[in-house]
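Comments concern the structure below.
The values are calculated or read from the model by the stated rules, or taken from the named source; none is laboratory data. Since this is a predicted model, take the numbers as computed values, not measurements. No Cβ is skipped: glycine too gets one built from the backbone with ideal geometry, and neighbour counts run over all protein chains shown. Accessible surface is based on the protein model in full, side chains and every heavy atom, while ligands, DNA and RNA are left aside. Shrake-Rupley method; radii C 1.70, N 1.55, O 1.52, S 1.80 Å.
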There are 2 protein chains.
Amino acid sequence: MKCVTEKSEDKIREAAKRVFLKKGFDGTTSRDIAKEADMNIALTNYYFRSKEKLFLEIFKDVLEEYFQNMLTILNKDIDIKSKISEIIDNDFAMMKKEPDLVIFIMNEIHKSPQRLFPDMSIFRQVRETYLKKQLEEGAANGTLRPMQLENILPLIKCGVEFIFMGKEIHKELFMMTDEDFEKYAEEQKEHIKAMVCNYLVIG
Amino acid sequence: MKCVTEKSEDKIREAAKRVFLKKGFDGTTSRDIAKEADMNIALTNYYFRSKEKLFLEIFKDVLEEYFQNMLTILNKDIDIKSKISEIIDNDFAMMKKEPDLVIFIMNEIHKSPQRLFPDMSIFRQVRETYLKKQLEEGAANGTLRPMQLENILPLIKCGVEFIFMGKEIHKELFMMTDEDFEKYAEEQKEHIKAMVCNYLVIG
DNA sequence: ATAAATTTTAAACAATCATTTAAAATATTC
DNA sequence: GAATATTTTAAATGATTGTTTAAAATTTAT
């Protein structure tokens, strides 16, 4: 049956995601979530049993959201330079669409890593992509600097994610307005693409 | 007068720094701090008036700690390649010594930037270093790719800080032990140095 | 339509939060 | 050494926390 009105459980889940991303687990109260969802406070526990369980459910989704698009790109049958460019463009778009996502993930995992890693099959998927094969082949035939996935992938991702995670401090440090930052981020994106490609691709 | 026993105010300040860095502002209670300092709960407010005021005082120190060493290096009269290498080594050492510092700063500023920027003269100092002059001269005489400080500095810093901020997720993603990560981080440090230098320095 | 199951509600729970109080203990001053 | 100022203490403040309760409202099943 198709409902025109959203189910309460989903309303709470979506509200909780927004609040958790903005305020973090510690900074979020059950009442914050209920208010954001415009629902009675008791319903968060009626549907999810506890704030902790609701959080873990949402965190799993958020972590998959973080990796999913990148995973698709990593498996594309395109040349390395295009692949790097696409990953960076994708990262860039993600940071603009969900500015809280990466710092949220980083901070929550940093504070309590043990509780946040369930059966993450997505991790295995990231380790075993077509890019890995491309790196091996490139290293073998001398077109690429020999590097492992775990070395090149952070180099690709850190540039964009770092300046967006630290958007406010970068704005303050270099006296930028929001508009300035937009232009700056675009410049930086191209620097990163060129820098990483120059380093990885030989000749 | 020299006291052999530490002053209560300093004991609280140092305890508060440890707890805030580990748990963040929202995750820290006044009782956590009092317990860590092994002092009565009322003393935190006796000396600092409120948890908020204590936090702001500590945050200012932490932010200066983050920039101070880098600032010294940026002003050194050494060639660009050595300077980049030193900044990265310094960052690396800082992340090992204070693993919570950068993610703490990033997260707190991200959550509430407006309240955390006092008269930060250190920001101006970072903008006006000898490195800036070196970049201008290098661009003018063709030895360096023309880049602004705000473009090159994040490229230098993001690599090391990113993998340490995300240490636990990188360990999980690439199935590393703590020992593995140590070796991995060392490798990565050298990749970053080479990559950034190759990109900035012409020929 | 009636009964049963589900969802929503207002109210309350004990625990903990940041902060304050006022008295006790200690240190300093004269 | 008495008077004063400072520091520390235990206890309490009212507000807020996550969670539960039991009744009311609504939906579903018969």
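Is the stretch B:163-173 home to any residue that is touching a residue at least 60 places away in the same chain (Cβ under 8 Å), within 12 Å of another protein chain (Cβ to nearest Cβ), open to solvent by 10 Å² or more (accessible area, probe 1.4 Å) and closer than 28 Å to B:Gly24 by Cα? Looking through the stretch B:163-173, at least one residue is touching a residue at least 60 places away in the same chain (Cβ under 8 Å), within 12 Å of another protein chain (Cβ to nearest Cβ), open to solvent by 10 Å² or more (accessible area, probe 1.4 Å) and closer than 28 Å to B:Gly24 by Cα. The sole residue among B:Lys53, B:Lys76 that is at pLDDT 95 or above, more than 16 Å from DNA strand D (Cβ to nearest atom) and in a loop (DSSP other than H, G, I, E, B) is B:Lys76.
Restricting B:Phe48, B:Phe55, B:Phe67, B:Phe92 to those that are within 12 Å of chain A (Cβ to nearest Cβ) and either over 21 Å from the mean Cα position of the chain (by Cα) or not aliphatic (A, V, I, L, M) (or both) reduces the list to B:Phe67. Is there a residue in the stretch A:80-97 that is crowded, with 18+ Cβ neighbours inside 10 Å, touching a residue at least 60 places away in the same chain (Cβ under 8 Å) and not in a helix (DSSP H, G or I)? Looking for residues that are crowded, with 18+ Cβ neighbours inside 10 Å, touching a residue at least 60 places away in the same chain (Cβ under 8 Å) and not in a helix (DSSP H, G or I), one finds none in the stretch A:80-97, hence no. Which numbered condition in (1) without any contact (Cβ under 8 Å) to a residue 24 or more places away in the chain; (2) closer than 19 Å to B:Val196 by Cβ; (3) open to solvent by less than 70 Å² (accessible area, probe 1.4 Å) is the only one that A:Asp180 fails? The single condition A:Asp180 does not satisfy is (2).
Scanning the stretch B:13-50 for residues that are near DNA strand D (Cβ under 9 Å from one of its atoms), over 25 Å from A:Thr29 (Cβ atoms) and part of a helix (DSSP H, G or I) turns up B:Ala42, B:Leu43, B:Tyr46, B:Tyr47. With the structure loaded, tell me whether A:Glu150 is touching a Phe, Trp or Tyr at 6+ places or on another chain (Cβ under 7 Å) and either away from every other protein chain (no Cβ under 11 Å) or open to solvent by 50 Å² or more (accessible area, probe 1.4 Å) (or both) or whether it fails that test. Yes; evaluated as a whole, the condition is true for this residue.
Against the criterion of being surrounded by fewer than 20 Cβ atoms within 10 Å (Cβ to Cβ), under 20 Å from A:Glu168 (Cα atoms), more than 11 Å from every other protein chain (Cβ to nearest Cβ) and without any contact (Cβ under 8 Å) to a residue 60 or more places away in the chain, B:Asp119 qualifies. All but one of (1) modelled with pLDDT under 95; (2) more than 14 Å from DNA strand C (Cβ to nearest atom); (3) open to solvent by 10 Å² or more (accessible area, probe 1.4 Å) hold for A:Glu6; state the number of the condition that does not hold. Of (1) modelled with pLDDT under 95; (2) more than 14 Å from DNA strand C (Cβ to nearest atom); (3) open to solvent by 10 Å² or more (accessible area, probe 1.4 Å), only one is false for A:Glu6: (2). Quick check on B:Leu71: is it surrounded by fewer than 18 Cβ atoms within 10 Å (Cβ to Cβ) and either within 28 Å of A:Glu108 (Cα to Cα) or among the hydrophobic types (A, V, I, L, M, F, W, C) (or both)? Spelling it out, B:Leu71 is indeed surrounded by fewer than 18 Cβ atoms within 10 Å (Cβ to Cβ) and either within 28 Å of A:Glu108 (Cα to Cα) or among the hydrophobic types (A, V, I, L, M, F, W, C) (or both).
Restricting attention to the stretch A:103-120, the residues that are farther than 18 Å from A:Asp26 by Cβ and part of a helix (DSSP H, G or I) add up to 0.
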